[in-house]
Amino acid sequence: MNIMRAGFEILTPISHDGIDEMKHIERIGRVCYKSEDRITEDGESAKKFVKMLIDRGHEAMIEHSSLSVRFTVDRGVSHELVRHRIASFAQESTRYVNYSLDKYSNEINVIHIENGITLDKKMNNMDANTIAAVIEEWERAMEDAEKHYMKMIDLGATPQIARSVLPSSTKTELIITANYREWRAFFKLRISAAAHPQMREITMPLLDELKKRLPVIFDDIET
Ligand SMILES: Cc1cc2nc3c(=O)[nH]c(=O)nc-3n(C[C@H](O)[C@H](O)[C@H](O)COP(=O)(O)OP(=O)(O)OC[C@H]3O[C@@H](n4cnc5c(N)ncnc54)[C@H](O)[C@@H]3O)c2cc1C
């Protein structure tokens with residue numbers, strides 16, 4: 001069994017300071033106002049224009065650009081991610097992937113719960129011994145699940161049947177492509193204190209990175 005940390009990778013190339021992306025939206029949005037004459041080559045007009053669109057709630061214009069992000073999360077978090085309907089998905093299949101094969105190191109991969117515990121308001125004040133005991137119990141359950149999965153495959157079960165015993169902690173890779181408007185709606189829901197701690201474990205650093213690489217588009221969303 002391989003225990004991993006959750007993570008993400010932004011797959012869409014983004015220009016320096018997101019200037020090209022903002023220029024693209026400006027070029028489109030200025031058609032509404034017939035103000036193309038105000039476009040400046042240095043991108044300064046684009047920054048101001050895109051900020052104005054977002055401040056006014058004219059977010060239909062930012063639907064003209066999209067981002068693809070690869071998430072490495074557990075199956076529980078992935079179930080929540082795929083509820084976002086204005087997005088496109090590709091996900092590692094537990095029907096077609098056979099974790100008993102050499103290609104997959106003959107083991108299951110699970111996402112560690114430790115960072116989630118740290119972000120869980122009801123658990124983060126627990127003493128270290130209690131947290132260690134919780135984690136140990138979880139690890140034992142993961143090992144048991146792996147043992148039963150491998151045994152079922154040995155007995156002739158297909159991966160799509162044996163997956164029934166895979167835990168929620170099973171690592172999955174999920175690629176989400178969505179336009180900027182949907183990503184904004186997504187972050188507002190998925191970084192909030194009400195969101196699942198293991199969801200926040202990835203959405204907060206992802207939003208921080210996007211704020212750096214694509215300023216203006218995500219600046220107003222508070223982490
Ligand atoms: C804290 C939290 C707890 C949750 N708990 C549960 C739970 O217990 N059980 C459960 O089933 N789900 C739960 N969810 C999931 C939730 O119900 C939504 O499915 C999920 O958050 C996606 O939100 P959305 O529909 O706004 O977003 P998206 O599907 O990403 O849609 C984006 C926006 O598009 C618009 N839109 C999309 N589809 C339609 C439509 N058909 N009609 C009109 N407008 C539309 C809406 O404005 C929507 O906000 C929870 C979510 C959160 C954040």
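The values are calculated or read from the model by the stated rules, or taken from the named source; none is laboratory data. For clarity, every value in this text was computed on a predicted model and none was experimentally measured. Positions of Cβ are generated from backbone atoms using ideal geometry, with glycine treated the same way; all protein chains shown enter the neighbour counts. Just so you know, the surface numbers come from the protein's heavy atoms only, side chains and all, with ligands and any DNA or RNA stripped out. Shrake-Rupley method; radii C 1.70, N 1.55, O 1.52, S 1.80 Å.
Tabulated values for the structure
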{"read-out": "Assigned charges on the beta-carbon of Lys, Arg, Asp, Glu; the chain dipole about Cα centre (debye)", "value": "700"}
{"read-out": "Cα gyration tensor, the chain - rounded (a/c under 1.5), prolate or oblate", "value": "prolate"}
{"read-out": "Charge dipole of the chain about the Cα centre (unit charges at C-beta), most positive-ward option of I86, I108, T130", "value": "I86"}
{"read-out": "Under Karplus coefficients 6.51, -1.76 and 1.60, residue-wise ³J(HN,Hα) of the stretch 75-83 in Hz, glycine/proline x", "value": "5, x, 5, 5, 4, 6, 4, 7, 6"}
{"read-out": "Distribution of pairwise C-alpha distances over the stretch 95-171, 5 Å bins, in %", "value": "3, 15, 23, 20, 13, 10, 8, 6, 1, 0"}
{"read-out": "Antiparallel DSSP beta bridges within the chain, as percent of all bridges there, nearest 5", "value": "85"}
{"read-out": "Under the span-like rule (Cα at least 27 Å along the axis, Kyte-Doolittle mean at least -1.0), DSSP H helices of the chain", "value": "128-154"}
{"read-out": "Normalised contact order of the stretch 95-171, rounded percent, pairs of Cα under 8 Å and 6 or more residues apart", "value": "44"}
{"read-out": "The stretch 35-149 - charge dipole about Cα centre, Lys and Arg +1 at Cβ, Asp and Glu -1, debye rounded to 20", "value": "420"}
{"read-out": "Cβ-derived FRET efficiency at R0 25 Å, D17 paired with I86, nearest 0.05", "value": "0.40"}
{"read-out": "Inter-probe distance in nm under a simple model that places probes 7 Å from Cα toward Cβ, at S192 and M204", "value": "1.7"}
{"read-out": "Cβ-defined net charge surrounding Y33, 14 Å radius [Lys, Arg +1; Asp, Glu -1]", "value": "+3"}
{"read-out": "Carbon plus sulfur fraction of accessible area for the chain, probe 1.4 Å, in percent", "value": "50"}
